[in-house]
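Data first, discussion second: the structure below is written as structure tokens.
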Amino acid sequence: LPEHVVFIGFAEDPSDVLPGFDAILLPSRAEGLPLALLEGMAAGCIPIVSRVGGMPEAVDSAEVGWVVPPEDPDALSLAMHQLLQLDQSQLLRMRENVAGRIQRSFNIDECHRQFFEACGL
């Protein structure tokens, strides 16, 4: 395991380390819309998430990540394998897509606009 995984310990500010990761995995059984997912995606981490809660709303297309059924290790494994098969240019393009998805749809101004629209204001 030490040849493949580095445990860095506590990070005071996750934005300092998140850009160093290619992927974020959230194979949850139950979830809302986790801030960790949004922060990871904003940093360009390609998400692999379970189809629960609000995560499929964030990972809304194959251009930004994978959504797998909850409690399906075969689907999770396949998504992880597909991610590992990306070449450098595909990886870079997908990371840009992921960060752009958050910038366009989950920034504070867009969230306020959607809230006021939902309230009929």
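The values are calculated or read from the model by the stated rules, or taken from the named source; none is laboratory data. Since we're looking at a predicted model, the values are computed, not measured. The area values use the complete protein model at the heavy-atom level, side chains included, leaving out ligands, DNA and RNA. Shrake-Rupley method; radii C 1.70, N 1.55, O 1.52, S 1.80 Å.
Structure notes:
- Residue list for the stretch 27-46, restricted to those being of a type in the set (A, V, I, L, M, F, W, C), closer than 25 Å to SER89 by Cα and open to solvent by 30 Å² or more (accessible area, probe 1.4 Å): LEU38, ALA42
- Those helices (runs of 4 or more DSSP H) lying entirely in the stretch 47-121 with at least 3 residues open to solvent by less than 70 Å² (accessible area, probe 1.4 Å): 55-58, 73-84, 88-105
- Output for the stretch 1-26, where each listed residue is part of a loop (DSSP other than H, G, I, E, B) and open to solvent by 70 Å² or more (accessible area, probe 1.4 Å): LEU1, PRO2, GLU3, HIS4, VAL6, PHE7, ILE8, PHE10, GLU12, PHE21, ASP22
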